[in-house]
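Visitor: Here it is, the structure, as C-alpha cells.
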C-alpha cells in the first residue's frame, strides 16, 4: 500500500535519529503514528541510559503505551529509520502494532537476518521497507565513518 | 557445565514467577546472578505497567544495568523460568550476558521457534535449559488452566 504520508513521517523519524547522532548515540529514530498524528517519539539512548535495551523503537512504543494507558497499539504505525533488530521486532509483536515502516535494511542485526520464514509477525501486520532508504542508511554510515 | 547452584537460583526465579501469578500476570520470573549473588530480580508486569515489553527478563536486566551503571552484563547469568521470547533473547544479546539458564521450553513464543540456526547468540554465550523444568512448566500451565 503506497501511503503518501510515509515519506513525511519518515522525515520525522530521521529528525529523531539526528538527535541521537548529536548525542553520540548510534543514530536511529522512531515515531508512533495514530490517525495520522505523531503520538510518540524515540531515539536511541543506549549510552545515555546505560541500557542496552534503550533502542528507538522500544522508547517510542513504551511512550505510546504510557500515553494511551494501553499495552497494545493495534491502530498505530511505527516508523523507524533502520530495520528493527530481534529485540525490537519482538517488542512490536507483543505490542500488536498494526504497521511497521522502516528505512534502511540492517543486514547484520536486522530481524530478517535472524528469523525463520515467514518472520515473527502475524500476516495481518503490514510491513513497508525502503522509505527514504538512502537518507536513513547515510545517517548510520556517516556516524560509523566519523567514529573511525 | 553442571552447576550445582542452578537449581537454587531457579527456585529464586520461581519465587519471582509466583509473585507474577499472585498479581494475575502470566507467571514468569527472572533473576540476574553475578559472582554467585543475586543482583536483580524481575517478574512479568505487562498488566500492571500496561506495557507489552515488561517481561521478567527485561525488568531484571534493566534493573541490573541500573545497579551496575553499565549497559553490559558480561559476567552475569540470567535465570528465567520460561524460554525467552524473541524480544527478550534480543535484549540478552544486546546486554552481552554471559550465560542464560531457563526452565521450561516455550514452543509457541520461545526464541528457538523463531530464529534460524545457530540462533541469535554468539557461541561464547552459554545456554542451559531444563532446570526445574517441570516446576516451571507447571506454574504456567496452572495459570492458564485457572484462567479458563
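Bear in mind these aren't lab numbers, they're just calculated from the coordinates by the rules spelled out. Note that the coordinates shown come from a computational prediction; the quantities given were computed from them, not determined experimentally. Cβ: placed from backbone, ideal geometry, glycine included. Neighbour counts: every protein chain shown.
Visitor: For segment A:20-83, how big is Rg over Rh, using alpha carbon atoms and the Kirkwood form of Rh? Walk me through the intermediate numbers first.
Guide: Values: Rg = 11.7 Å, Rh = 11.8 Å.
Radius of gyration relative to Kirkwood radius: 0.99.
Visitor: Label position 7 Å from Cα toward Cβ: report the copy-to-copy distances for residue B:147 in nm, one decimal, ordered from shortest.
Guide: 3.9
Visitor: Using only the alpha-carbon atoms, how far is helix A:133-147 inclined from the longest principal axis of chain A? Give it as 0 to 90 degrees, nearest 10.
Guide: 40 degrees
Visitor: Which value in Å does the Kirkwood hydrodynamic radius of segment B:88-130 take, with 1/r averaged over all unlike C-alpha pairs and then inverted?
Guide: In segment B:88-130 this quantity evaluates to 10.9 Å.
Visitor: Would you mind telling me the antiparallel percentage of the DSSP bridges in segment B:49-148, rounded to 5?
Guide: Antiparallel bridges make up about 10 percent of those DSSP assigns within segment B:49-148.
Visitor: What is the Rg over Rh value, at two decimals, for segment B:52-139, using alpha-carbon atoms and the Kirkwood definition of Rh? Before the final figure, lay out each step's value.
Guide: Details: Rg = 12.5 Å, Rh = 13.2 Å.
In segment B:52-139, Rg relative to Rh is 0.95.
Visitor: I need the inter-copy label distances for residue A:70: point set 7 Å along Cα to C-beta, values in nm with one decimal, smallest first.
Guide: 4.1
Visitor: On to the next question. I need the semi-axes of the equivalent ellipsoid of chain A: take the C-alpha gyration tensor, multiply each eigenvalue by 5, square-root it, list largest first in whole angstrom.
Guide: Numbers: eigenvalues 91, 56, 49 Å².
For chain A, the ellipsoid semi-axes come out as 21, 17, 16 Å.
Visitor: Then there's this: Would you kindly work out, in nm and rounded to one decimal, the distances from the label point of residue A:113 to those of the same position in each other copy, ordered shortest first, with label points 7 Å along Cα-to-Cβ?
Guide: For residue A:113, the other copies' label points sit at 2.6 nm, shortest first.
Visitor: I'm checking a number: the convex hull volume of the Cα atoms of the protein assembly as shown, normalised per residue, in Å³. What is it? Display every interim value, and only then the final one.
Guide: Details: hull volume 38.8 nm³, N = 296.
In the protein assembly as shown, the Cα convex hull volume per residue is 131 Å³.
Visitor: Here's something else I'd like to know. On C-alpha positions alone, give me the angle between the axis of helix A:6-22 and the longest principal axis of chain A, in degrees, nearest 10.
Guide: Taking Cα atoms only, the helix is inclined about 40 degrees.
Visitor: So how far, in whole Å, is the C-alpha centre of segment B:36-73 from the one of segment B:79-132?
Guide: So the two Cα centres are separated by 15 Å.
Visitor: For q = 0.16, 0.25, 0.32 Å⁻¹, what log10 I(q)/I(0) does segment B:1-50 give under the Debye formula with an equal point scatterer on each alpha carbon and no solvent?
Guide: Log10 I(q)/I(0), no solvent term: -0.47, -0.86, -1.13.
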